[in-house]
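Input: a single structure, listed below in structure tokens.
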Amino acid sequence: MALGLDRPRSGQEKAPAIGGSSRYIPGMSHDQITVVNGKVRLARRCKDLWTNRDLLVLLTRTQLKVKYKSSVLGYAWSMLNPALVLAIYFVVFSIISKSGQPHFAIWLMAGLLPWNLFNGSAIASTGVVVQNSGIVKKVAFPRELLALSTVGVAMVMFVLQSVVLVIAMVIFQITPNLHFLILLPLAMVALLIFTGAMSILLSAINVYLRDTQHLTEVALMAWFWSIPIIYSYELIAEKVAGHSSLIWIKWAYLCDPITPIVMTFQRAIYSNTSYLYEGKVHKLLPAWGLGPYAELLGVIIVASIGLFLLAMVIFGRLEGNFAEEL
């Protein structure tokens with residue numbers, strides 16, 4: 001994969017080194033060798049990521065080109081998949097099973113949007129360093145950008161899937177909660193930081209433990225069912241209500257960073273917090289105002305920033321032996 005970085009030439013020139021050091025190898029040649037230093041300070045590593053943000057865009061575009069290489073429909077496939085999911089769930093839950101929840105497919109898609117972004121990036125990031133071993137061993141650049149490029153690809157898929165959701169909402173004449181839409185940018189910031197942190201961490205670990213990729217797929221499958229997407233958060237809250245020994249389950253859901261993000265998307269897009277079916281009120285989401293949702297998202301952002309910095313430190317410790325492991 002071409003990155004637009006030149007190899008070092010003879011004399012005093014060298015390949016671009018981000019966070020690296022340079023030294024001469026006695027008795028070999030007069031060319032300057034760039035050595036990647038895995039002990040660069042965290043502040044420098046973060047600065048290098050920002051300085052090389054153009055390279056992140058290039059890596060993201062390259063991954064997208066590879067993903068749709070020789071494809072006739074191209075990006076349309078990323079819109080057909082969510083459209084088919086919407087159609088299937090509409091038929092199953094609105095026509096066949098008749099769950100009683102109005103526009104269940106919209107509720108489902110509102111929750112799947114953030115989950116698909118996180119899930120897609122997490123799975124892709126586990127193998128991204130190994131798959132790009134050629135440039136990792138030959139070119140000096142912030143390798144964290146490889147993991148972050150999977151977040152960029154997932155973000156493009158997120159936008160395409162959002163288009164499908166908007167079209168479906170227009171067809172079904174569903175109006176989002178305009179009051180809560182202002183929380184979506186905050187939810188996106190929380191989601192992207194947390195996803196970036198997990199992607200960087202998984203990409204480094206998989207270089208040493210190749211089973212990480214398979215374990216991640218299994219863990220994400222279990223994780224999906226622990227998040228109230230197919231079912232509602234209030235369903236869990238009602239089950240544990242009145243049982244003081246089980247109240248921790250309710251709070252355990254909220255401690256999962258993805259759960260409040262999903263709930264925010266559902267609250268803003270689906271709008272309704274409950275519905276009436278067969279004379280009984282079925283609750284979907286807590287009837288909170290903007291404050292509690294914003295507070296939860298704020299906590300997630302702070303915690304995710306801490307996790308992101310930790311992931312950068314771990315990545316820096318591990319990348320020193322990437323060339324040998326690859």
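The values are calculated or read from the model by the stated rules, or taken from the named source; none is laboratory data. This is a predicted model, so every value here is computed, not measured. Ideal geometry is used to build each Cβ from the backbone, glycine not excepted, and the neighbour counts take in all protein chains shown.
Per this entry, ILE205 is not counted among residues that are touching a helix residue (DSSP H, G or I) at 6+ places or on another chain (Cβ under 7 Å) and closer than 20 Å to VAL299 by Cβ. If you take the residues of region 272-326 that are out of contact with any Lys or Arg (no Cβ under 8 Å at 6 or more places or on another chain) and of a type in the set (Val, Ile, Thr), which of them is nearest to ALA237 (Cα to Cα)? Looking at residues that are out of contact with any Lys or Arg (no Cβ under 8 Å at 6 or more places or on another chain) and of a type in the set (Val, Ile, Thr), I get VAL281. Quick check, is TYR253 farther than 21 Å from PHE104 by Cα and aromatic (Phe, Trp, Tyr)? Taking the combined requirement at face value, the residue satisfies it.
Among the residues of region 160-181, those that are assigned to a helix (DSSP H, G or I) and in contact with a helix residue (DSSP H, G or I) (Cβ under 9 Å, 6 or more places away or on another chain) comprise LEU160, GLN161, SER162, VAL163, VAL164, LEU165, ILE167, ALA168, MET169, LEU181. Restricting attention to region 231-274, the residues that are closer than 14 Å to TYR293 by Cβ, small (Gly, Ala, Ser) and not in a helix (DSSP H, G or I) total 1. Candidates ILE261, ILE236: the one that is of a type in the set (Val, Ile, Thr) and at pLDDT 90 or above is ILE261. Every listed requirement among (1) surrounded by 16 or more Cβ atoms within 10 Å (Cβ to Cβ); (2) closer than 26 Å to ALA147 by Cβ; (3) not hydroxyl-bearing (Ser, Thr, Tyr) is met by GLU217 save one, (1). Can you confirm whether ILE18 is crowded, with 18+ Cβ neighbours inside 10 Å, farther than 30 Å from LEU108 by Cα, at pLDDT below 60 and in contact with a Phe, Trp or Tyr (Cβ under 8 Å, 6 or more places away or on another chain)? Judged against the criteria, ILE18 is a match. Can you pull out every residue in region 147-164 that is over 10 Å from the mean Cα position of the chain (by Cα) and either of a type in the set (Ser, Thr, Tyr) or surrounded by 24 or more Cβ atoms within 10 Å (Cβ to Cβ) (or both)? The answer is ALA147, SER149, SER162. The condition of being modelled with pLDDT of 90 or more and either within 21 Å of PHE194 (Cβ to Cβ) or outside any helix (DSSP H, G or I) (or both) holds for only one of VAL281, VAL302, that being VAL302.
Rundown of residues vs (1) surrounded by 21 or more Cβ atoms within 10 Å (Cβ to Cβ); (2) in contact with a Gly (Cβ under 9 Å, 6 or more places away or on another chain), yes/no style:
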site	(1), (2)
VAL170	no, no
LEU184	no, no
ASN206	yes, yes
TRP225	no, no
TYR233	yes, no
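Residue check: ASN272 meets all listed conditions (1) polar (S, T, N, Q); (2) crowded, with 20+ Cβ neighbours inside 10 Å; (3) closer than 30 Å to GLN173 by Cβ but one, namely (2). The residue list THR195, THR259 contains one member that is free of Cβ contacts under 8 Å to residues at least 60 places away in the same chain, under 30 Å from LEU56 (Cβ atoms) and in contact with a Ser or Thr (Cβ under 9 Å, 6 or more places away or on another chain), which is THR259. Among the conditions (1) of a type in the set (S, T, N, Q); (2) surrounded by 15 or more Cβ atoms within 10 Å (Cβ to Cβ); (3) farther than 30 Å from GLU144 by Cβ, SER304 misses just one, which is (3).
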